[in-house]
Structure formats: C-alpha cells, structure tokens
1. If I go through segment 10-34 residue by residue, how many of them are touching a helix residue (DSSP H, G or I) at 6+ places or on another chain (Cβ under 6 Å) and without any contact (Cβ under 8 Å) to a residue 40 or more places away in the chain?
2. Being closer than 30 Å to residue 60 by Cα and either loosely packed, with under 13 Cβ neighbours inside 10 Å or more than 14 Å from the chain's Cα centre (by Cα) (or both) is the filter here; which residues of segment 104-125 pass it?
3. Name the residues in segment 1-53 that are of a type in the set (Lys, Arg), modelled with pLDDT of 95 or more and in a loop (DSSP other than H, G, I, E, B), would you?
4. Residues 53, 48: which one is under 25 Å from residue 20 (Cβ atoms) and touching a Gly at 6+ places or on another chain (Cβ under 9 Å)?
5. Looking at segment 54-72, which of the residues that are in a helix (DSSP H, G or I) and in contact with a Lys or Arg (Cβ under 9 Å, 6 or more places away or on another chain) is nearest to residue 106 (Cα to Cα)?
6. Does residue 101 satisfy the condition of being without any contact (Cβ under 8 Å) to a residue 24 or more places away in the chain and among the polar types (S, T, N, Q)?
Amino acid sequence: MTPTASITAVSTDVICRIVTGELDAAIVHRDDRFIAFLDHRPVFKGHVLIAPVRHIDDLLALPATEMQSMLGLGQRVTRAQMSALGAQGSFIAINTIISQSVPHLHMHVVPRSKGDGLLGFFWPRTRYSDGEAAEYAERISAAMADNNPAEV
C-alpha cells in the first residue's frame with residue numbers, strides 16, 4: 001500500500017479513528033505531523049504510542065524526511081517518562097508488517113526501570129484503573145511541555 005492507504009483501510013484503522021476523534025485516547029502530544037497517546041493495554045503504565053497523524057501503513061512507507069522527527073519525539077517522550085514517572089529509561093520499538101497489530105505506523109515508547117521484569121520481547125500487559133490513564137497522560141504531557149521543543 002502507498003502512504004495514503006485505501007479508504008477502507010483508513011476507516012477501520014484505530015489510529016486514524018483516534019486522530020479524527022472518533023475514538024477516545026489519553027493524548028500526551030499532538031502537532032500537525034504526529035500524535036502520541038497512551039497504549040490502552042500498556043506493558044508498563046505510561047507506555048506511549050507515537051504515530052503519524054497522516055495515515056502511513058508502516059515504517060517502509062514513512063518518508064525519510066519524517067524519520068528524524070518521529071524518533072526525536074520518542075526521545076522527548078522518554079525524557080518526559082523519566083521526569084514524570086521516575087523511569088530510568090525506555091524501550092522503543094516499531095513492528096514493521098510482521099506483528100504490526102494496527103495497519104498504521106506506530107512506535108512504542110515503554111518506560112523502563114532496572115529490575116522491572118521485562119524479559120526479551122515478552123510483553124505482559126496491564127490495565128489502567130478508572131481515571132488513571134488520564135492522570136498518566138497529563139503527567140507525561142506536562143513533562144513534555146517542560147522539555148525544549150527545539151531539541152526535536
């Protein structure tokens with residue numbers, strides 16, 4: 001598929017539905033190119049997904065001119081997770097085609113701390129309690145606002 005996928009693919013794409021507001025998400029950042037929001041089934045609380053606002057199928061379709069900006073946003077999210085959540089670092093991953101559960105490019109930014117129990121690529125999932133996702137999103141978003149956007 002091309003970076004502008006068919007109407008059918010886009011209309012059923014969860015990320016496109018979040019971008020348009022059709023589905024709710026705990027958004028931590030949005031600009032004209034990217035959206036960052038909490039994964040609804042996080043590996044660890046504060047797990048953020050970063051995706052292009054424009055529908056792009058996968059990493060292979062991402063224009064080279066956007067790669068640095070997307071990874072730079074991942075860097076800002078990591079700094080925010082460290083500041084807001086006390087994480088010691090992050091695990092950043094992009095599945096391309098294989099194991100890509102959503103047909104829209106997205107990057108996982110998972111807050112990590114030594115001894116957190118994450119082993120290899122086994123990703124146990126957890127859930128947020130009522131109102132907890134909004135609190136995590138607010139904390140990360142506020143920490144991102146404190147970061148210098150010029151660094152991206």
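1. 3
2. 112, 118, 119, 120, 121, 122, 123, 124, 125
3. The answer is 33, 45.
4. Of 53, 48, the one residue that is under 25 Å from residue 20 (Cβ atoms) and touching a Gly at 6+ places or on another chain (Cβ under 9 Å) is 48.
5. Taking the candidates together, the pick is 70.
6. So residue 101 fits the description; yes.
Table: residues versus (1) closer than 17 Å to residue 37 by Cβ; (2) modelled with pLDDT under 95; (3) not hydrophobic (A, V, I, L, M, F, W, C).
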site	(1), (2), (3)
98	no, yes, no
101	yes, yes, yes
105	yes, no, no
110	yes, no, no
121	no, yes, no
124	no, yes, yes
131	yes, yes, yes
141	yes, yes, yes
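The values are calculated or read from the model by the stated rules, or taken from the named source; none is laboratory data. Everything quoted here is computed from the prediction, not taken from an experiment. Don't worry about glycine lacking a Cβ; one is built from the backbone with ideal geometry, like all the others, and counts go over all protein chains shown.
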